[in-house]
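Each value in this text was obtained by applying a stated rule to the coordinates, not by laboratory testing. The structure presented is a predicted model; accordingly, all values stated were derived computationally and were not measured. FYI the Cβ positions are ideal-geometry reconstructions off the backbone, even for glycines, and counts take in every protein chain you see.
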Amino acid sequence: MSYLTVFKMRLRMELQYRGAMIGGIFCQMFFGIVLVALYRALYAGKTQSVPIENIATYVWLQQAFFRMMFATDTELTDKIKSGDISYDLCRPVNMYAFYYARIAAQKLMGSVMRAVPMLTMAFLLPKGWGISLPVSPLGFALCVPAFVLGFLCVCALENISVAFTMKSLDPRGIAALLNLLMMIMSGNLLPLTLFPESWQKVITLFPYAQLLDAPIRLYTGEYVPADALRIYAVQAFWVVTLIWLGVVMWNANRKRMIVQGG
Amino acid sequence: MNTLRLYIKSIGMLLRSHLQYTSSFIMQTLAQLVMEGGEMMVVILIVDRFENLKGWSGGNLYFFFGMMSVSFYLTELFGRGITGDFPSMVRTGKLDTFLVRPRGVLTQVMCSGTDPRRITCIAVGIAALIMGSRLSGITWTLTKVFILIESIAMSCLLILGLFMIEAIFSIFSVKSVELVNAITYGGRSACQYPIDIYPAPMRALFTVIAPFALTLHVPVSWILDKPLYGWPMWTAFVTPLSGALIFVIMTILFHLAMRHYRSTGS
């Protein structure tokens, strides 16, 4: 399988940058501590229906998998800008699947390598500051498939924004707007569990909530195991829709592509 | 004065060059608006849900948020050379060309970058300030206006000084150092809320090492008639000066570090 080979090669590349990773981990840890301190101070004034331990867990899982959400493949956007992408077009592979494999490898390795040490450190923090254990073994078991579906979803989203970049040649336009939308709607800036109840009903149906919010809620027990099938269905719906949309965009791009430069 | 004129002229030229790509510029400026608007929305949602934060009302929180975003993005607007581009200047060897010209390196670095897209972020910050001022019922006097301006100016110098730490590191290590982001961007995230809500170690960090508490929180709390830790009025005038102090220290260190600068050779 050639797509599997692309995936494996990217995994190895991601492993090269260890120095930058350690700095990134400490920076992300600091952001996590700041956020938890803020929510703890807010909770001191007015107790909420969502316990503080769940909010801390939410913050840590979001911070740990930050790279999965926001890492953009700058090499790929450079390729588009310089016109080198035409070499990739000559390969006897499906472009969409080729880039999907590439993005998936980058996101998986980048985030797992950071998440493991970060979550270990977060477990060592005192209760109410760090991450707590999953609500039940069943909850943890249910959160894993949700996480996988969310991962497929975020790769499909990234591929769509690459397709947009192909069109506009400037990764900072629409692609940047999509990224910002993701920051707010995925619960990275403020846990979705703290949004007004009426908003939550709508936001949790959006694709952005499927990435991390859905698995985290299964982990902390905000979603009971009985809900699991319904959540998987929503996630699977978005995975299929987004991949379909991406394939359509890539096919359209191929037909009317202008390669820059010589 | 001559340096200042040079700076204004360079920034003017850079502005015009940014405006050449109109549609890209508008798109990116809008993206900035969405970003800062999103940050503001988070504060609004927090106020909506929690009503107050250890005695600070919603209006107070908007005011703090506005102060931080105006100071931070003014610095990015006028000091882009330091806050963004410096590590890449070292890496690509662009810095070498500065060394042969008859001007200070720091002046030239400052002249080499501006980020006009930040203007929308500043607009959001000003909107937050106005909203915060209305909701907190501040009665403005000449002294308060003076302290407000002093606080913004000194916070800008502080932020510039903190970004210079990263610049100094990159002179030695060539690569940009992500760790410093913890006190620059991390400082912005943490200190857009009042400092006294945080546990002691964090308060110490933002009072002694990156004194946002002194340049921003002390004067702002006084403006809001809720002096921080009950400190007397004169502290609101004096403590912001620590921003200038940090800037001066970092400038000296920067020049010392430049003596050890070895070009990448590219």
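Structure notes:
- Estimated FRET transfer efficiency when R0 is 22 angstrom, pair residue B:260-residue A:22 (beta carbons, to 0.05): 0.35
- Compared with the dominant principal axis of the Cα atoms in chain B, helix B:119-136 is inclined by about 20°.
- Top of A:24, A:110, A:45 by mean-square fluctuation, Gaussian network on chain A, Cα under 10 Å: A:45
- Residue order, fewest to most surrounding Cβ atoms within 10 angstrom, among B:260, B:18: B:260, B:18
- For region B:118-209, average projected area of the Cα convex hull in nm²: 7.7
- Translational diffusion coefficient (Stokes-Einstein; Kirkwood radius from C-alpha pairs) of region A:60-109 at 37 °C, 0.692 mPa s, in µm²/s: 268
- All aspartates and glutamates inside 20 Å of residue B:54 as judged from Cα atoms, apart from same-chain residues fewer than 8 positions distant: A:53, B:196, B:225
- Share of pairwise Cα separations in the protein assembly as shown, more than 37 Å, in percent: 34
- Most mobile of A:60, A:199, A:244 in a GNM of chain A (Cα contacts under 10 Å): A:199
- Restricting the calculation to Cα atoms, every distinct pair contributes to the Kirkwood radius of region A:113-227, found to be 15.7 Å.
- Cut-off 11 Å between beta-carbons: net charge of the residues surrounding residue A:95, Lys and Arg +1, Asp and Glu -1: +2
- Note on region B:1-123: Cα Rg divided by 2.2 N^0.38 Å, N the number of residues, gives 1.34.
- For region B:14-64, the Rg and Dmax computed from alpha carbons only, in angstrom: 16.7, 49
- Each eigenvalue of the Cα gyration tensor of chain B, multiplied by 5 and square-rooted, gives one semi-axis; in descending order these are 33, 21, 17 Å.
- Loop-resident sites, region A:179-262, for trypsin sites (Lys or Arg not before Pro), counting at most 15 other Cβ within 10 Å (DSSP): A:256
- For region A:45-189, dividing the convex hull volume of the Cα atoms by the residue count gives 129 Å³ per residue.
- The mean number of partner chain beta-carbon atoms within 10 angstrom of a residue's beta-carbon across peptide B:28-38 is 4.
- Helix A:228-255 vs. chain A, principal-axis angle (Cα, 0 to 90°, nearest 10): 20
- Given R0 = 51 Å, the distance between the Cβ atoms of residue B:13 and residue A:12 translates into a calculated FRET efficiency of 0.70.
- Between region B:19-58 and region A:221-238, the C-alpha centres lie 31 angstrom from each other.
- Exposure proxy for A:183, B:250: other Cβ atoms within 10 Å of each Cβ, ordered fewest to most, give A:183, B:250.
- In this structure the amide hydrogen of residue A:125, modeled in the peptide plane, comes within under 5 Å of the amide hydrogens of A:131, none closer than 5 places in sequence on its chain.
- Cβ-defined net charge surrounding residue A:122, 14 Å radius [Lys, Arg +1; Asp, Glu -1]: +1
- Spin-label model, residue A:233/residue B:6: points 7 Å from Cα along the beta carbon direction are separated by 7.0 nm.
- Dimensionless Rg over Rh [region B:196-266; C-alpha; Kirkwood]: 1.20
- A straight chain from residue A:44 to residue A:198 at 0.36 nm per residue would run longer than the Cα-Cα distance by 53.0 nm.
- Hits among aspartates and glutamates - C-alpha to C-alpha of residue A:201 under 17 Å, sequence gap 8 or more where chains match: A:213, A:222, A:227
- Tilt relative to chain B, helix B:22-50 - C-alpha long axis, 0 to 90 degrees, to 10: 30
- Debye log10 I(q)/I(0) at q = 0.10, 0.19, 0.21, 0.22 Å⁻¹ for region B:67-192, Cα point scatterers: -0.38, -1.07, -1.22, -1.30
- Solvent-free Debye calculation, one equal scatterer per alpha-carbon of chain A: log10 I(q)/I(0) at 0.07, 0.08, 0.14, 0.16 Å⁻¹ equals -0.26, -0.34, -1.00, -1.25.
- Here the dipole of chain A is about 380 debye; that uses its Cα centre as origin and unit charges on the Cβ of Lys and Arg (positive) and Asp and Glu (negative).
- Over 19 Å between alpha carbons, listed pairs A:107/A:127; B:144/B:226; A:107/A:255: A:107/A:127; A:107/A:255
- Furthest towards positive pole of dipole, A:134, A:204, A:166, structure part region A:2-256, Cβ charges: A:166
- Distance in nm between pseudo-label sites at residue B:234 and residue A:120 (7 Å out along the Cβ direction from Cα): 5.4
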